[in-house]
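Data block below; observations after.
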Amino acid sequence: MAGPQLIDHLSVHPRLRVREALQIERVACRFHMTYGGTVVKRRMPKAGDLAPLIRFRKPRFDRVQRHLDDALTIEDLRRLAKRRTPKAAFDYTDGAAEDEVSIHRARQAFRDIEFHPSILRDVSNVRTDWQVLGGPVALPFAIAPTGFTRLMHTDGELAGARVAAEAGIPFSLSTLGTASIEDVAAAARQGRRWFQLYMWRDRERSMALVKRAADAGFDTLLATVDVPVAGARLRDVRNGMSIPPALTLRTALNAAVRPRWWVDLLTTEPLSFASLDRWSGTVGEYLDAMFDPTLTFDDLAWIKAHWPGKLVVKGIQTLDDAIAVVNLGVDGIVLSNHGGRQLDRAPVPFHLLPVVARELGAHTEILVDTGVMSGADVVAAVALGARSVLIGRAYLYGLMAGGEAGVRRAVDILAAQLVRTMKLLGVRSLEELSPTHVTQLRRLIPVVSDEPTGTGSN
Ligand code: FNR
């Protein structure tokens, strides 16, 4: 039915409102080739007219690679990861402690910034390399240590180590890694490798690991200090998540729609800890059985005496603690709340950054993590005083989305976002980034604010 007729017969569509009726009239007018008094002359299209418009893509037969190529952001990779990974493994990675407030706030803090660009700079060439902890890096971010990584995808740590080496960024292996210290070293001979230490109740075994890492050429030790006990990861408890994953009726049903993950798991090396024993309880039970809650600053001094390379303390959440560990003579600190997986409603590490950088920037190297989902976040952190940023989930989403190729895609996305942001800010090197480029907009303001909180120094 043509438009004018419809308007004449409003009873046909009793709910038709006046604005919609007018729209129909316009369409109808176009249909009659008159619009605003102009007569549109039409002709048959020729083949030659179409040729310049046609942009058929080469068929891409590798479905995984096709999806990875189509992912433009880390959030896109997260969505892909969720489709490809069984719920328990995805939730173990994606989830955080208690109500997951810490990770939510940390991500929000990066969104709540304002960049201040400079104009008319020649940004045809941008340098993203500098020195971190005594060695060169091509980009100011590194892969964070993560446990049980082969659970997310059987390519696991070796994929991370290989991609990091290719990209010129450090790779961190966790004490709870699922590839051995020596295998990671062999996979990434030319790359920089950092080892993350959890101090176990059994000190001798912890230090045996440290010695193996030093012998295998790991140049930095990250001593994680925010895990006196395991955080309450409620998704894991609800999912009955165990290591190795147990085949319950629920997991079997979930596996039916993600067969590839299970085929990979069952046809590759069995999952186990690279450095420690097998375990058949939940992750939380494992951590509580192994972690040493008696750890103090004296132990840190002891670790320092036993490690020949750079020592960095990971999990600093207050300025006072930052000062205390720097006074012990460590080489660097990571402002981190463990990706929100330990204490919930913990300080946002990115908020802490400006005040810690102001007080300690001249005395130590400051790294930051938790909530980084984009290369622009990395730029903001560097501008406010970070030497480097650790990326945890951003890399793991890539891994779950497509194994090693997915990790490569995650690093490529972050690197491209970082370079583009630097160019748009009008800076040509990391050294040119400064606090004048970023304002942290306040959303959460302390009720009593006479203490330095680090929230929004600019
Ligand atoms: C971690 N993290 C971590 N840290 C650590 O020191 N040792 C470890 O074994 C682990 N394991 C681990 C597993 C998983 C699945 C995640 C997501 C994280 C914390 C990690 O090193 C880093 O601090 C956070 O991941 C940073 O936050 P984003 O980047 O994930 O937001």
> Roughly what would the spin-label model give for ASP70 and ARG428, points 7 Å off Cα along C-beta, in nm?
Replying inline: 4.1
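Restricting to region 64-440, what percent of DSSP beta bridges are antiparallel, rounded to 5?
Numbers: 8 of 35 bridges.
Given both bridge residues lie in region 64-440, the antiparallel proportion sits at roughly 25 percent.
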>> Could you order the peptides 109-119, 207-217, 379-389 from most to least packed, using the average number of other C-beta atoms within 10 Å per residue?
In response: 379-389, 207-217, 109-119
> Which of rounded, prolate, oblate describes region 340-453, given a ≥ b ≥ c as roots of the alpha-carbon gyration tensor eigenvalues and a/c under 1.5 marking rounded, otherwise prolate only if a/b is larger than b/c?
Replying inline: oblate
>> Cross-link candidates for LYS41: which aspartates and glutamates have Cα within less than 18 Å, leaving aside residues fewer than 8 places away along the same chain?
In response: ASP49
> Once label points are set 7 Å from the Cα along Cα→Cβ at both ARG212 and LEU441, what is their separation, rounded to one decimal in nm?
Replying inline: 4.9
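Do you know the relative contact order of region 112-181, to the nearest whole percent, from alpha carbon pairs under 8 angstrom that are 6+ apart? Kindly include the intermediate steps, with their values, before the conclusion.
On the way: 78 pairs, mean separation 21.3, N = 70.
Relative contact order for region 112-181 comes out at 30 percent.
Read-outs throughout are calculated quantities, based only on the coordinates presented, and are distinct from any laboratory measurement. The structure displayed is predicted, hence computed values, not measured ones. Glycine also receives a Cβ, built like all others from the backbone with ideal geometry; neighbour counts cover every protein chain displayed.
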